[in-house]
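> Here you go, one structure.
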Amino acid sequence: MTNKPKLSVERELLESAIRILQGAGAWTTADGLRALLDKPEIRSRKVGIKPLSGRYYLAECKRCGWVGSSEECNDDCLCLQSVGNDCCYAETDEIGTDRLLELIQAGEFERPAAQHQGEPVAKAKPVAKLHAERLTGKDGEYGVTVEDSEWFNTCRLTGGIFNLYAEQPAPVAEVPEGYCIMPRRLTAENGAKALLLGEFKLRVTKECPECCELEEPTEGCSMCDGEGEYEQRHTIPWDQIKFIYSQAVAGLARINKPM
């Protein structure tokens with residue numbers, strides 16, 4: 001006897017119920033069950049990064065499960081979270097505190113990666129310095145200056161051979177005045193996509209097609225409200241944002257010089 005996973009058995013039962021409902025002509029109920037069955041399983045939900053303020057509300061994505069301020073959605077209240085190489089673009093629902101509490105108690109949100117809390121490491125100090133002249137033939141002088149007398153006395157009391165290793169300090173990049181360290185490219189991985197997508201909009205003023213051939217605009221026109229022209233807002237696409245940023249980097253980036 002083969003033991004089937006519980007989820008597989010439950011799916012088979014739902015499939016059977018759908019077929020029975022369809023055979024009985026209960027198409028509405030069958031379609032509802034089918035939509036429930038085909039709904040993608042949300043394993044871990046992402047949380048928005050913007051605070052909830054003003055006219056914005058708490059939203060939940062129907063597809064990827066993201067929860068956050070509606071300010072992070074586009075003008076049509078569609079989800080802009082990254083899904084693969086594209087955005088989710090699924091519809092969102094306004095939710096209340098009861099639904100939010102339910103999700104929190106179910107532990108469905110992503111947990112931030114635990115950061116290692118190590119002991120602070122003091123800047124290493126040299127215990128000895130070697131002063132050497134370049135050899136000329138077989139001639140050349142050298143001298144050793146002890147920087148840490150306690151270490152030196154411990155070595156003498158212990159006895160033995162002590163190897164000293166030279167460690168070159170890593171070069172420190174010098175950031176010019178008025179500059180800051182920024183990524184070379186905007187990606188979803190470094191957080192730029194979630195931060196900038198849907199933030200930039202272009203306003204375009206157009207002549208009203210309903211009133212353009214009239215001597216005077218129609219009062220109460222549904223498109224221009226008697227102004228003769230109307231305004232449209234276009235969201236700057238992600239590819240265009242990345243292109244503008246890449247051009248800025250190419251033209252303004254400076255090569256860091258070690259201090």
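The values are calculated or read from the model by the stated rules, or taken from the named source; none is laboratory data. In this text, all values refer to a predicted model and were calculated from it rather than measured experimentally. Cβ coordinates were reconstructed from backbone atoms using ideal geometry, including for glycine residues, and neighbour counts include every protein chain displayed.
> Name the residue that is nearest to ASN74 (Cα to Cα), counting only residues in the stretch 188-227 that are surrounded by 12 or more Cβ atoms within 10 Å (Cβ to Cβ) and among the aliphatic types (A, V, I, L, M).
Looking at the filtered set, the residue picked out is LEU197.
> Which residues, taken from the stretch 228-259, are assigned to a loop (DSSP other than H, G, I, E, B) and surrounded by 14 or more Cβ atoms within 10 Å (Cβ to Cβ)?
GLY228, ILE236, ASN256
> Moving on. Cβ-Cβ distance below 7 Å, separation of 6 or more or different chains: which pairs start in the stretch 150-174 with a residue that is farther than 30 Å from ARG254 by Cβ and end on one that is at pLDDT 70 or above and β-branched (Val, Ile, Thr)?
Pairs that qualify, where the first residue is farther than 30 Å from ARG254 by Cβ and the partner is at pLDDT 70 or above and β-branched (Val, Ile, Thr), are PHE152/VAL146.
> Filter the stretch 160-187 down to the residues that are surrounded by 10 or more Cβ atoms within 10 Å (Cβ to Cβ) and either modelled with pLDDT under 85 or assigned by TED's automatic domain parsing to the domain that holds ALA248 (or both), then identify the one that is farthest from GLN247 (Cα to Cα).
The extreme case among them is PHE162.
> Scan (1) modelled with pLDDT under 65; (2) within 20 Å of GLU108 (Cβ to Cβ) for the single condition LYS4 breaks and write down its number.
That leaves (2) as the condition not met.
> Does VAL127 satisfy being touching a helix residue (DSSP H, G or I) at 6+ places or on another chain (Cβ under 8 Å), among the aliphatic types (A, V, I, L, M), over 30 Å from GLY198 (Cβ atoms) and modelled with pLDDT of 70 or more?
So VAL127 does not fit the description; no.
> When both residues are 6+ apart or on different chains and their Cβ atoms are under 6 Å apart, which pairs have a first residue that lies in the stretch 68-80 and is in contact (Cβ under 8 Å) with a residue 60 or more places away in the chain, and a second that is among the aliphatic types (A, V, I, L, M)?
Close Cβ pairs satisfying both conditions: ASN74/LEU80; LEU80/LEU197.
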